[in-house]
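Student: Just passing along the structure, written as structure tokens.
The values are calculated or read from the model by the stated rules, or taken from the named source; none is laboratory data. Quick caveat: nothing in here was measured; it's all calculated off a predicted structure. Methodologically, a virtual Cβ is constructed for each residue, glycine included, from the backbone with ideal geometry; neighbour enumeration extends over all protein chains shown.
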Amino acid sequence: MHVPDGFLDSKTIVATTTLSLVGVTAAWRQTKTHIQPQRIPLLGVAAAFVFAAQMLNFPVAGGTSGHLMGAVLATVLLGTGPAIIVMTSVLVVQCFLFADGGVLALGANIFNMAIVGSVSGSVLYHTIHRLVSGERGRMIAVAVASWCSVVLASLCCAGELAWSGTAPRQTVFPAMAGIHALIGVGEALITCMVVAAIRQARPELLASTSDDVRVPGHGTVVAYGVVIALGLVLFVSPFASEWPDGLEMIAASLGFDQKAIQYPLAPALIHEYQFPWIGSSVLATVLGGIIGVGTVFFFFYVLSRLLKSKT
């Protein structure tokens, strides 16, 4: 669902960028005010996991693929504000390091996936979990919130495309909602499996856990994050589906794929996770993923220093 440059007009770019700046600023203030110091390393772990997981496209239907968005997973682990920060950081790294999503469209991508995905997922997750208590209620809440977050983000993307005059609203809304309803099923399954595994192995990492429960030390948390994220990059990403994702498929079927700007406005260091001097696309993808995970961890090391100085 990463919108490239060329799909959105100037008014849509200005509107989504403004909304994203307001949303991310509010999330930062909420995070630095309320986050517990011992939970700060979890932001880096969550960001690295989401970055690695987004490299793993799974086949859906009709030659289309999807990947984990991760907003609800971050929300369940960290809360709404930190989840927006995590998702935003991942999208920024993907945009400027890998040309995954447009520079001018970055505000739209942050609004759709970071803000709409996290806020809608948080509201649904907490509402359903209050109505259906216990672990059964948690998993129902995770599944419903994950599915809805993907569909709602896709509807916002469809609205931006329609407002820009890129695609007619009567076709782009049902097309985006239809394919992302299927992708949302994968999102729900993956998120439920990850949350269930965390609940079994490290229940204290869930955001709803009592403050009295001791969170593991920084070194332990970072070690878990490095191992899991690199494991995904090394052993799973080479087998990701090469089919186009939902937005790419819709763009091709509705005939506006040619509007995409072929060369990024800001030159990416590793364009589309590939290196021209590495002949193997698998090796290039793995190396790009490792660099991306390292970049996300470094970003959150700097961010953690800023948060610690304010908490």
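Student: Going through G184, G121, G178 one at a time, which residue ends up being surrounded by fewer than 20 Cβ atoms within 10 Å (Cβ to Cβ) and either modelled with pLDDT of 95 or more or assigned to a helix (DSSP H, G or I) (or both)?
Tutor: On the way: G184 fails: surrounded by fewer than 20 Cβ atoms within 10 Å (Cβ to Cβ); G121 fails: surrounded by fewer than 20 Cβ atoms within 10 Å (Cβ to Cβ).
Answer to the selection: G178.
Student: Now for a different question. Looking only at helices (runs of 4 or more DSSP H) that lie completely in the stretch 49-116, which have at least 2 residues being over 21 Å from A143 (Cα atoms) and either touching a strand residue (DSSP E or B) at 6+ places or on another chain (Cβ under 6 Å) or in contact (Cβ under 8 Å) with a residue 24 or more places away in the chain (or both)? Reasoning before the result, please.
Tutor: Working: elements: 71-78, 80-98, 106-109.
So the answer is 80-98, 106-109.
Student: Looking only at the stretch 72-90, how many residues end up being closer than 17 Å to L21 by Cα and touching a Leu at 6+ places or on another chain (Cβ under 7 Å)?
Tutor: Initially, the stretch 72-90 is screened for residues closer than 17 Å to L21 by Cα, giving 80-90.
Now restrict to residues that are touching a Leu at 6+ places or on another chain (Cβ under 7 Å): 82, 85-86.
Number satisfying all stated conditions: 3.
Student: Then there is this: Considering only the stretch 14-37, I want to know if a residue exists there that is basic (K, R), part of a helix (DSSP H, G or I) and either modelled with pLDDT under 95 or under 18 Å from the mean Cα position of the chain (by Cα) (or both).
Tutor: yes
Student: While we're looking at this one, here's another question. Within the stretch 282-302, which residues are modelled with pLDDT under 80 and under 26 Å from Q38 (Cβ atoms)?
Tutor: F300, Y301
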